[in-house]
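Peer 1: Mind looking over this structure? Questions follow.
The values are calculated or read from the model by the stated rules, or taken from the named source; none is laboratory data. All values derive from a computational prediction rather than experimental measurement. In this analysis, Cβ positions are derived from the backbone assuming ideal geometry, glycine residues included, and neighbour counts consider all displayed protein chains.
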Amino acid sequence: MSLSRFDPYRECSTMQDRLHRLLGDPYLRRADDALAQGNWVPPVDIYETEQKDLVLKAELPDVAKEDIEVTVEHDTLTLKGSKKVASDVKEDQFRRVERAYGAFVRSFTLPSTVDASRVAADYKNGVLTVTLPYREESKPRNINVQVSAA
């Protein structure tokens, strides 16, 4: 007869993991988005470059380029798409599924300084990069100071 220890914390952790998968974990969702809906929410990084452009990078592993839609309307950038389960694996073959699948929608309010007509998007290695250039008039500029002889 083998002896096994009962660990109540492990059982609680397992139950918590199951509930998170079933109901979703609201603590992992960010409230700073103007809109976050769908079956899953891809994580993003937003930063400013030295050229004074905004860049948004979204992780979209295993999402086909054809399944991604990027739109800019008024002052809102919206990312839409869907991640499909591999067609070569049947549902009854899965033993564990931890990755999220299905539709996603994320929207972000853009600052008025962004030039919506020059927004560009690139998709490489599962990362969507959206470049949001600032308007020329909103970029900082140097002003030469004239010295007058008095």
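Peer 1: Mind checking whether some residue in region 105-112 is more than 18 Å from residue 45 (Cα to Cα) and more than 18 Å from the chain's Cα centre (by Cα)?
Peer 2: Scanning region 105-112, I find at least one residue that is more than 18 Å from residue 45 (Cα to Cα) and more than 18 Å from the chain's Cα centre (by Cα), so the answer is yes.
Peer 1: For the structure I just gave you, tell me whether residue 104 is touching a strand residue (DSSP E or B) at 6+ places or on another chain (Cβ under 8 Å) and either aromatic (Phe, Trp, Tyr) or surrounded by fewer than 11 Cβ atoms within 10 Å (Cβ to Cβ) (or both).
Peer 2: yes
Peer 1: Regarding region 128-139, can at least one residue be identified that is surrounded by 15 or more Cβ atoms within 10 Å (Cβ to Cβ) and closer than 21 Å to residue 39 by Cβ?
Peer 2: yes
Peer 1: Moving on to the next point. Taking region 44-90 as the search range and keeping residues that are within 12 Å of residue 108 (Cα to Cα) and of a type in the set (Ser, Thr, Tyr), which one is surrounded by the fewest Cβ atoms within 10 Å (Cβ to Cβ)?
Peer 2: Result: 71.
Peer 1: For region 53-97: of the residues being farther than 19 Å from residue 116 by Cα and among the hydroxyl-bearing types (Ser, Thr, Tyr), which is modelled with the lowest pLDDT?
Peer 2: Among residues in region 53-97 that are farther than 19 Å from residue 116 by Cα and among the hydroxyl-bearing types (Ser, Thr, Tyr), the one modelled with the lowest pLDDT is 87.
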